[in-house]
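Undergrad: Sharing a structure below in structure tokens format, with a few things to ask.
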Amino acid sequence: MSIILGIDTSCDDTAAAAVESGTRVLANIVSNQTEIHKKYGGIVPELASRRHIEMIWPVVNEALKAAGIKLFDLSGVAVCHGPGLIGSLLVGCSFAKAICYSKGIHLVAVNHLEGHISSIFLEESKPSFPFLALIVSGGHTCLYRVDRFGAYSELGRTRDDAAGEAYDKVSKLLGLGYPGGPLIEKIAQDGNPKAIDFPRAYLPESLDFSFSGLKTAVLNFVKRNQLGVMGKDIAHIMHHALLNDIAASFQASVIDVLVRKTERAIKKEGIKRVVITGGVAANGELRNRMKEMGDKQQAEVFIPTPSLCTDNAAMIASAGYCHLKAGNTAGLNLNPKAYMSL
Ligand code: KG4
Ligand code: ZN
């Protein structure tokens, strides 16, 4: 039996989890900082790292307690060392190093993106290799071909904003709040996705993405229709039905592009297994549309349960287990990196 403690402090969630044999989640604790950042309409990095310092020990302790284990039961500690906010990453890495040093436990470094892909290994239904992976989160929107654990080829990435970032920015300009994804998804349910014809950047032939034009189109729509002034809480000014239509039409545009690109990747690579993960993959409409596309293409679509799509440490522990098995441990001189590819 091999139990790994996973730690992720890459952004604004302090997360710790205990996972057995890379696949069985014993505990998965996430302490989010929404209350701290929401009044600023986005994450304030300095506040995020300070909060991580306060929360890391209570969150790790809670994970150990929920799993019914002690530190000496661990085979290793897997920590996310990037990409992410450097001050935030530093807290998780320093804490993981301290545990490993004081208890003589193996330290494993995990790339956050590899963690997102590995979240599917925590599910009953897992894809066989090779498979495709679409990561759609607040910081990333990229498509990979995964030939085996550790062998990733990038097929496409966003040229500007990430899909989750577009959700967050549009939510802010509509005065809905932070984080934007769940808020837009909620009101979009009462809106008409065909009400406004927002642009879709399909970028012919390419598997890259672009969402900044869409964000600008929403802003221009709001200005053109004199619905409010950016920065003001226009959610209170605007007629609710119109707000719902804007949200639904924006969401339809994002999802159309994500689905079309994934379909294109399946055809181009001739691989009929695809994993959709990252915070935006918690979106119900995206999940449904991807499954429909999978049926049409006779491809298997694997989407982790929503709590494993958004940032968590179980996915870090799962990837960490595979690294540990391969003897790929990190030294106590491990340093986090804000920018890092897979
Ligand atoms: O993976 P994640 O938790 O953190 C990053 O690695 O970035 O993703 C967070 C992003 C945010 O932009 C958030 O607005 C978006 O995921 N998100 C959603 C939903 N839940 C979270 N976007 C659309 N629909 C959702 N239900
Ligand atoms: Zn993430």
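Undergrad: Residue check, residue 253 against (1) open to solvent by 10 Å² or more (accessible area, probe 1.4 Å); (2) away from ligand 1 (no atom under 12 Å from the Cβ); (3) closer than 26 Å to residue 170 by Cα, all met but one. Which one?
TA: In the conditions (1) open to solvent by 10 Å² or more (accessible area, probe 1.4 Å); (2) away from ligand 1 (no atom under 12 Å from the Cβ); (3) closer than 26 Å to residue 170 by Cα, residue 253 misses (1) alone.
Undergrad: In region 284-339, which residues are within 16 Å of ligand 2 (Cβ to nearest atom) and in a helix (DSSP H, G or I)?
TA: 286, 306, 307, 308, 309, 314, 315, 316, 317, 318, 319, 320
Undergrad: Name the single residue that is surrounded by the fewest Cβ atoms within 10 Å (Cβ to Cβ) among those in region 66-76 being more than 20 Å from residue 330 (Cβ to Cβ) and in contact with a strand residue (DSSP E or B) (Cβ under 8 Å, 6 or more places away or on another chain).
TA: 68
Undergrad: Give the residue, chosen from 127, 45, that is without any contact (Cβ under 8 Å) to a residue 60 or more places away in the chain and either closer than 30 Å to residue 268 by Cα or open to solvent by 30 Å² or more (accessible area, probe 1.4 Å) (or both). Show your work before the answer.
TA: Numbers: 127 fails: without any contact (Cβ under 8 Å) to a residue 60 or more places away in the chain.
Answer to the selection: 45.
Undergrad: Just to be sure, is residue 243 part of a helix (DSSP H, G or I), touching a residue at least 24 places away in the same chain (Cβ under 8 Å) and within 17 Å of the chain's Cα centre (by Cα)? Even if it seems obvious, please write down each step before you answer.
TA: On the way: part of a helix (DSSP H, G or I): yes; touching a residue at least 24 places away in the same chain (Cβ under 8 Å): yes; within 17 Å of the chain's Cα centre (by Cα): no.
No, not satisfied.
Undergrad: Tell me which of these residue 199 doesn't satisfy, since it passes every other one: (1) part of a loop (DSSP other than H, G, I, E, B); (2) in contact with a strand residue (DSSP E or B) (Cβ under 7 Å, 6 or more places away or on another chain).
TA: (2)
Undergrad: Moving on to the next point. Would you pick out the residues in region 122-177 that are within 16 Å of ligand 2 (Cβ to nearest atom) and among the hydroxyl-bearing types (Ser, Thr, Tyr)?
TA: 137, 141, 144, 152, 158, 167
Undergrad: Give the number of residues within region 17-42 that are assigned to a strand (DSSP E or B) and either touching a residue at least 40 places away in the same chain (Cβ under 8 Å) or open to solvent by 40 Å² or more (accessible area, probe 1.4 Å) (or both). If you could, list the steps in order and put the result at the bottom.
TA: Our first condition is that a residue be assigned to a strand (DSSP E or B); within region 17-42, this holds for 17-20, 24-32.
Now drop any that are not either touching a residue at least 40 places away in the same chain (Cβ under 8 Å) or open to solvent by 40 Å² or more (accessible area, probe 1.4 Å) (or both), which leaves 17-19, 24-30, 32.
So the answer is 11.
Undergrad: Out of the residues in region 77-111 that are among the small types (Gly, Ala, Ser) and part of a helix (DSSP H, G or I), which is most open to solvent (accessible area, probe 1.4 Å)?
TA: So in region 77-111, the residues among the small types (Gly, Ala, Ser) come out as 78, 82, 84, 87-88, 92, 94, 96, 98, 102, 104, 109.
Now restrict to residues that are part of a helix (DSSP H, G or I): 87-88, 92, 94, 96, 98, 102.
Working: 87: 30, 88: 1, 92: 0, 94: 58, 96: 0, 98: 55, 102: 84 Å².
Restricting to residues being among the small types (Gly, Ala, Ser) and part of a helix (DSSP H, G or I), the top hit is 102.
Conditions tested, residue by residue: (1) within 9 Å of ligand 1 (Cβ to nearest atom); (2) acidic (Asp, Glu).
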{"residue": "108", "(1), (2)": "no, no"}
{"residue": "114", "(1), (2)": "no, yes"}
{"residue": "136", "(1), (2)": "yes, no"}
{"residue": "139", "(1), (2)": "yes, no"}
{"residue": "145", "(1), (2)": "no, no"}
{"residue": "148", "(1), (2)": "no, no"}
{"residue": "154", "(1), (2)": "no, yes"}
{"residue": "159", "(1), (2)": "no, no"}
{"residue": "173", "(1), (2)": "no, no"}
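The values are calculated or read from the model by the stated rules, or taken from the named source; none is laboratory data. On a predicted model such as this, the values are computed, not experimentally measured, just so you know. A quick note on method: Cβ atoms are made from the backbone with ideal geometry, for glycine too, and the neighbour counts reach across all protein chains shown. Protein only, heavy atoms only, side chains kept; ligands, DNA and RNA dropped before computing areas. Shrake-Rupley method; radii C 1.70, N 1.55, O 1.52, S 1.80 Å.
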